[in-house]
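Heads up: the structure comes next, in structure tokens.
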Amino acid sequence: MPEIIPSDARELARRLEERREQAPVGNALLDRLDGDQAPELFRRLVAVEAQCHSAEMIAYGTMLARFPRRPAADLFIRLSRLVCDAQPKLRKCADALDMPDPFESFWPPGRETYAFNGTLSWVANQGSQASFALSSYTDMVVYFSGCSALVRRVRELRIDAPAEFIEYYDDDASDELTELALDVAQDGLGRGDDPQDALFQARLLEESIGDFWRSAANVS
């Protein structure tokens, strides 16, 4: 008998957390980080991050066009602003790491670099409001916790890192924004969105974040 998935966004978030504990996607960058390799790994991370920004801006614009109503529109506008405001900070990271503008090249090559972009774009084009909102919630929870863990590891190992890099990645997910994402997911579920699809697509996006870290770490 197939499992019954409830139309409750917070219950779906809880199930994603359980899956995260049972089958973590991991953060390969943490495993590879050491003083000798750090500068190149930092550059790869900034470059992969820049590739994601472009896909995110398009995805949020697509969702705003598909669901131009509150509370969904509020979420997509705020996520767009979050990424837009981060772009000049990321350029400062690149400058501090003696990199060219990371938004002007497709580097590093490899499937893992663009896995997140492909999944996010697919959810934005094909997914429901609930699917995208739950995926956004998962993205914020998993990505920001990974960034915080990275900065802690840099400090524990006493690795020399530019202040701009530490400032960019030493950040936590906004409780207000993650709650809004769950509210938007719940609104979509209340309108008839399929909770099974939302759960599947959110987990798929989480797995692509694992690829994000693998690309930065230069492992496949």
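The values are calculated or read from the model by the stated rules, or taken from the named source; none is laboratory data. The model shown is predicted, which means the values in this text are computed figures rather than measured ones. As a convention, Cβ positions derive from the backbone with ideal geometry for all residues, glycine included, and neighbour counts pool all protein chains shown. SASA here: full protein model, heavy atoms, side chains in, ligands and nucleic acids out. Shrake-Rupley method; radii C 1.70, N 1.55, O 1.52, S 1.80 Å.
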Would you check which residues across the stretch 33-42 are assigned to a helix (DSSP H, G or I) and open to solvent by less than 40 Å² (accessible area, probe 1.4 Å) and list them?
A38, L41, F42
Here is a check on your reading of the model: is G188 farther than 23 Å from R214 by Cβ and not in a helix (DSSP H, G or I)?
no
Cβ-Cβ distance below 6 Å, separation of 6 or more or different chains: which pairs start in the stretch 171-185 with a residue that is part of a loop (DSSP other than H, G, I, E, B) and at pLDDT below 95 and end on one that is of a type in the set (A, V, I, L, M) and open to solvent by less than 30 Å² (accessible area, probe 1.4 Å)?
A173/M140
Being in a loop (DSSP other than H, G, I, E, B) and over 20 Å from the mean Cα position of the chain (by Cα) is the filter here; which residues of the stretch 1-32 pass it?
M1, P2, E3, I4, I5, P6, S7, D8
Only one of N117, N125 is exposed (fewer than 14 other Cβ atoms within 10 Å of the Cβ) and modelled with pLDDT of 95 or more; which?
N125
Out of the stretch 43-78, which residues are among the charged types (D, E, K, R) and assigned to a helix (DSSP H, G or I)?
R43, R44, E49, E56, R66, D74, R78
